[in-house]
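This report concerns only the one structure given below.
The values are calculated or read from the model by the stated rules, or taken from the named source; none is laboratory data. These numbers were taken from a predicted model, which means no experiment stands behind them. Cβ atoms come from the backbone with ideal geometry, glycine included; neighbour counts cover every protein chain shown.
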Amino acid sequence: MSQAATVLLIGGSGFLGRYVTSLLLERGDKVIIPTRSATISHHPIEVTWITDTELSQEHLNQWVSKLDSGGVVINLVGQLHDRPGFPYGPVFKEAHVELVKRLINAFNHSPARRFIHISSLGADSHGPSMYQRSKGDAERYIKESSLNWTILRPSVIFGSDDQFIQLFASLCNIFPVIPLASAQSRFQPVAVSDVAQAISQSIDQRNTFHQSIDLGGPSIYTLKELVELAGRTVNKKPLVIPMPHALGVIQAWAFEHLPGKTLMSRDNLASMQRDNVLPSQYQSLKELFNINPTALETLLP
């Protein structure tokens, strides 16, 4: 029987955060979510919101210090794009690395020791992309800490309101032909509900302490297959044309400079140099959390 806890949920207002919040409330946890936005009317009223705030060291010290020995900090913060830099740009440095450092430091002001961090499958301080390197550096700092940490590393997370499959579905709705770079790159998409369950169970599942756990769904797809499946979710059958890598880099550069939300970046292409799949046959969702991984095809109408 799980015990209710006070949970400081960093990044709780986002896509994954909404699912995690619901499960924490079902557990009977007290959920505290800092947010920069003052508009929270569409979120559960049972949550304690700290609005119009920054994740500064001072503020994190203040919030973490209020946790008792059974308190938990869960970090869901992640960014997908940044401008070029080495080993990564300022956005990745702040969101993925410096924030983690500040969270670790904040525990010095609290009896709480439990820290759950959502990283990414393929995170590697020496990886080919800025995204992977920044995620890898964050993991390294966590592993060097004295906390009771758990690192969960999901592949691409899908759901009815995700930013990956739904993005391609939107493109398929507009364009009958889609030129695609890295078309043969492989992914093992995992359902947002399954990731949220793993987070919730990890809180007091002691065999997850001091463990880095890869999360993937039941099936592996090439990027081309994912785009075609995304088309099926909106009853479209786009012609997907694989592009040479050099042309893909030019396309990604162009996308980076278009106004509005970035669809694809050169750093995304760099990440896809490595397949984003589980490194072994071990299916942690099933074996460790007793979760039957949800198939991506559940998105189909």
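Structural remarks
Table: residues versus (1) surrounded by fewer than 20 Cβ atoms within 10 Å (Cβ to Cβ); (2) among the hydrophobic types (A, V, I, L, M, F, W, C); (3) part of a loop (DSSP other than H, G, I, E, B).
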| position | (1), (2), (3) |
| --- | --- |
| K135 | no, no, no |
| Y141 | yes, no, no |
| L152 | no, yes, no |
| S170 | yes, no, no |
| I178 | no, yes, no |
| I213 | yes, yes, no |
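- Among the residues making up region 85-102, a single one is surrounded by fewer than 17 Cβ atoms within 10 Å (Cβ to Cβ) and either of a type in the set (F, W, Y) or within 15 Å of the chain's Cα centre (by Cα) (or both): F86.
- Counted residues, region 243-261 - those being surrounded by fewer than 16 Cβ atoms within 10 Å (Cβ to Cβ) and either part of a strand (DSSP E or B) or not hydrophobic (A, V, I, L, M, F, W, C) (or both): 6
- Out of S13, S22, sole residue that is assigned to a helix (DSSP H, G or I), within 19 Å of I157 (Cβ to Cβ) and in contact (Cβ under 8 Å) with a residue 12 or more places away in the chain: S22
- Residue that is surrounded by the most Cβ atoms within 10 Å (Cβ to Cβ) [pool: residues in region 1-20 that are polar (S, T, N, Q) and modelled with pLDDT under 95]: S13
- Residue match in region 113-125 (condition: part of a loop (DSSP other than H, G, I, E, B), of a type outside the set (F, W, Y) and more than 30 Å from W253 (Cβ to Cβ)): yes
- Verdict on L247 being of a type outside the set (G, A, S) and modelled with pLDDT of 95 or more: no
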